[in-house]
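A short write-up of the structure that comes next.
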Amino acid sequence: MADNVTPRVRVPRDASAGDSVSVRTLISHPMESGVRRDGDGNIIPRQIINRFTCEFNGENVIDVTLEPAISTNPYFQFEAIVNETGTFQFTWYDDDGSVYEETADITVS
Amino acid sequence: MDVSRRQFVGTGLVAAAAFFGLPRIASAEALEDAINAFTSGADTASDGITLIAPEIAENGNTVPIEVDAPGAAAIMLLAAGNPSPDVATFNFGPAAGRQSVSTRIRLAGEQEVIAFARMPDGSFKQARQNVRVTIGGCGG
């Protein structure tokens, strides 16, 4: 597991039913690309987050395949339809098998 | 064999470019492979997809990219001049509000960023945008 991996997400606290809400996610992660070399000329092994998913009440919003060309601290902004009060479930999958999770609640009126 | 001076210089330049230039950037074949893996060689339309990227990016390590393809099932991003052309693939689920996503990517140098969208009916759309990069973002 990479050091100091902290997921951060931002969704509106409340919304009207049927609204499309903006979701922003950021996770601190070095996203080591596997093409950089250290001071001795050895390649630093690749370690990136290779997949990110977001679900709302068990329904898929977005499923992203990440490659080494995604920047350090991967950031995504996208939109989700909310029809009822519920929970967003965010999951990040690391190359080394670690899984990072975060949730966010939204009240729909 | 009669080789003119011009031919000789030209051949030398091509050989030098092949020797020094290729290992740093993705080969055209890698790009073709990535495109074919997504579109299966189908024709692409250029309307109905918007790719927003800066014309000049100061730092190639974090280049903000936004792509919007209303109704798309999936969007693939490619960077033609990176060591590997793949950047990311976004698959939209039933709870997606708008088939639009913003992220930040690495670019090794001035190059074209390409977005492909796969529509639910099996057709494809593409958009391209050239980005100039002041400081490359792939280490080395």
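Specify the residue that is nearest to the other protein chains (Cβ to nearest Cβ); the eligible residues are those in segment A:73-92 that are under 12 Å from the mean Cα position of the chain (by Cα) and of a type in the set (S, T, N, Q).
Filtering segment A:73-92 down to residues under 12 Å from the mean Cα position of the chain (by Cα) leaves A:73-78, A:88-92.
Now drop any that are not of a type in the set (S, T, N, Q), which leaves A:73, A:77, A:89, A:91.
On the way: A:N73: 8, A:Q77: 4, A:Q89: 11, A:T91: 13 Å.
Among those that are under 12 Å from the mean Cα position of the chain (by Cα) and of a type in the set (S, T, N, Q), it is A:Q77.
Could you please find all residues in segment B:37-54 being of a type in the set (S, T, Y) and out of contact with any strand residue (DSSP E or B) (no Cβ under 8 Å at 6 or more places or on another chain)? Spell out the reasoning first.
Going residue by residue through segment B:37-54, those that are of a type in the set (S, T, Y) are B:39-40, B:44, B:46, B:50.
B:S40 - this is the single residue of segment B:37-54 that is of a type in the set (S, T, Y) and out of contact with any strand residue (DSSP E or B) (no Cβ under 8 Å at 6 or more places or on another chain).
Condition (residue is on the phi > 0 side of the Ramachandran plot, open to solvent by less than 20 Å² (accessible area, probe 1.4 Å) and within 12 Å of chain B (Cβ to nearest Cβ)) applied to segment A:15-24: is it met by at least one residue? Walk me through it before giving the result.
Pass one, segment A:15-24, residues on the phi > 0 side of the Ramachandran plot: A:18.
Filter once more, so that each one left must be open to solvent by less than 20 Å² (accessible area, probe 1.4 Å): none.
The answer is no; no qualifying residue exists.
Determine which single condition B:S123 fails, assuming it passes every other condition in (1) modelled with pLDDT under 95; (2) within 13 Å of chain A (Cβ to nearest Cβ).
Failing condition for B:S123: (2).
Across segment B:35-57, which residue is farthest from the chain's Cα centre (by Cα) among those that are assigned to a helix (DSSP H, G or I) and among the β-branched types (V, I, T)? Even if it seems obvious, please write down each step before you answer.
Quick first cut of segment B:35-57, residues assigned to a helix (DSSP H, G or I) only: B:35-39.
In the following step, the residues that additionally are among the β-branched types (V, I, T) were identified as B:35, B:39.
On the way: B:I35: 9, B:T39: 14 Å.
Out of the qualifying residues, it is B:T39.
Go through segment A:47-67 and give me each residue that's assigned to a loop (DSSP other than H, G, I, E, B) and more than 7 Å from chain B (Cβ to nearest Cβ). Before you say what the answer is, go through the steps one by one.
At the first step, the residues of segment A:47-67 found to be assigned to a loop (DSSP other than H, G, I, E, B) are A:48, A:57-58, A:67.
Passing the criteria: A:I48, A:N57, A:G58.
Name the single residue, out of those in segment A:27-55 being charged (D, E, K, R) and free of Cβ contacts under 8 Å to residues at least 12 places away in the same chain, that is least open to solvent (accessible area, probe 1.4 Å).
Of all residues in segment A:27-55, those charged (D, E, K, R) come to A:32, A:36-38, A:40, A:46, A:51, A:55.
Subset that is free of Cβ contacts under 8 Å to residues at least 12 places away in the same chain: A:36-38, A:40.
Details: A:R36: 103, A:R37: 144, A:D38: 65, A:D40: 130 Å².
Ranking the qualifying residues of segment A:27-55, first place goes to A:D38.
Which of the strands (runs of 3 or more DSSP E) found entirely inside segment B:58-140 contain at least 3 residues meeting this: of a type outside the set (V, I, T), touching a residue at least 12 places away in the same chain (Cβ under 8 Å) and open to solvent by less than 40 Å² (accessible area, probe 1.4 Å)? Walk me through how you get there before you give the answer.
Working: elements: B:63-68, B:74-79, B:86-92, B:96-105, B:111-118, B:124-135.
Fully inside segment B:58-140 and qualifying: B:74-79, B:86-92, B:96-105, B:111-118, B:124-135.
Residue check: is A:R24 out of contact with any Lys or Arg (no Cβ under 8 Å at 6 or more places or on another chain), assigned to a strand (DSSP E or B) and touching a residue at least 40 places away in the same chain (Cβ under 8 Å)? Please lay out each step first, then the result.
Numbers: out of contact with any Lys or Arg (no Cβ under 8 Å at 6 or more places or on another chain): no; assigned to a strand (DSSP E or B): yes; touching a residue at least 40 places away in the same chain (Cβ under 8 Å): yes.
It is false that A:R24 is out of contact with any Lys or Arg (no Cβ under 8 Å at 6 or more places or on another chain), assigned to a strand (DSSP E or B) and touching a residue at least 40 places away in the same chain (Cβ under 8 Å).
The values are calculated or read from the model by the stated rules, or taken from the named source; none is laboratory data. These numbers come from a predicted model, not from an experiment. Virtual Cβ from ideal backbone geometry, glycine too; neighbours counted across all protein chains shown. Heavy atoms of the whole protein, side chains included, go into the accessibility calculation; ligands, DNA and RNA do not. Shrake-Rupley method; radii C 1.70, N 1.55, O 1.52, S 1.80 Å.
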